[in-house]
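Trainee: Mind having a look at this structure? Questions to follow.
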């Protein structure tokens, strides 16, 4: 079952400056899984909740709006920085919401990631608002993150919800 928008908003209340994360090199030294999170900037409240859930599973997440080296307004340098961050991190995560589905940047980012990452290192996080599950057919090419029966985040093959693996144990 996709992660509900309400669950992400609830988790975002636990997001604090202290939990924003650590540097990439420090995360690698600690053998943490690192991921670039593709999302719409209109979904910052949802992103904060997702970051908490992913950190609880032992992941370190890169968020472009938390990166002080990013330009104030998107430009060529923004694109170069994003390309490098996608390559630098172990995984590419796509937060599928109504906003990311109509974004100009999100489809470009996943297209770039598809050319740079192994397919198993691209993960989609579908969401639901209770009526609609967000994601389109091209996102169904990739594995998905959603809730397991244990109420922990798991990774599943496209279109399946059996024989998954808990996110916290992925890539050990």
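Trainee: Residue 88: exposed (fewer than 15 other Cβ atoms within 10 Å of the Cβ) and in contact with a helix residue (DSSP H, G or I) (Cβ under 9 Å, 6 or more places away or on another chain), yes or no?
Mentor: yes
Trainee: On to the next question. Restricting to helices (runs of 4 or more DSSP H) lying wholly in the range 62-139: which have 2 or more residues that are within 25 Å of residue 160 (Cβ to Cβ) and in contact (Cβ under 8 Å) with a residue 12 or more places away in the chain?
Mentor: Because the criterion is at least 2 residues that are within 25 Å of residue 160 (Cβ to Cβ) and in contact (Cβ under 8 Å) with a residue 12 or more places away in the chain, the helices (runs of 4 or more DSSP H) in the range 62-139 that meet it are 98-102, 105-116.
Trainee: Also: Checking residue 103 against (1) closer than 22 Å to residue 24 by Cα; (2) at pLDDT below 95; (3) surrounded by 15 or more Cβ atoms within 10 Å (Cβ to Cβ), only one condition comes out false. Which one?
Mentor: Residue 103 satisfies every listed condition except (1).
Trainee: From 54, 150, grab the single residue that is outside any strand (DSSP E or B), touching a strand residue (DSSP E or B) at 6+ places or on another chain (Cβ under 7 Å) and within 24 Å of residue 165 (Cα to Cα).
Mentor: Working: 150 fails: touching a strand residue (DSSP E or B) at 6+ places or on another chain (Cβ under 7 Å).
On inspection, the qualifying residue turns out to be 54.
Trainee: Okay, moving on. Give me the residue from the range 7-51 that is in a loop (DSSP other than H, G, I, E, B) and modelled with pLDDT of 90 or more and, out of that set, nearest to residue 146 (Cα to Cα).
Mentor: Step one: list which residues in the range 7-51 are in a loop (DSSP other than H, G, I, E, B), which gives 13-16, 21-23, 30-32, 39-40.
Keeping just the survivors that are modelled with pLDDT of 90 or more gives 39-40.
Details: 39: 16, 40: 19 Å.
By that ranking, first place goes to 39.
Trainee: Testing residue 57 on (1) closer than 25 Å to residue 170 by Cα; (2) in contact with a helix residue (DSSP H, G or I) (Cβ under 7 Å, 6 or more places away or on another chain); (3) without any contact (Cβ under 8 Å) to a residue 12 or more places away in the chain, one condition comes back false. Which one is that?
Mentor: Condition (3) is where residue 57 drops out.
Trainee: Here's another thing I want to ask about it. Within the range 126-151, can you find the residues that are within 14 Å of the chain's Cα centre (by Cα) and modelled with pLDDT of 85 or more?
Mentor: Scanning the range 126-151 gives 126, 127, 139, 142, 143, 144, 145, 146.
The values are calculated or read from the model by the stated rules, or taken from the named source; none is laboratory data. Just so it is clear, the model here is predicted, and its values are computed rather than measured. Quick reminder, even Gly has a Cβ in these numbers, built from the backbone with ideal geometry, and neighbours come from all protein chains shown.
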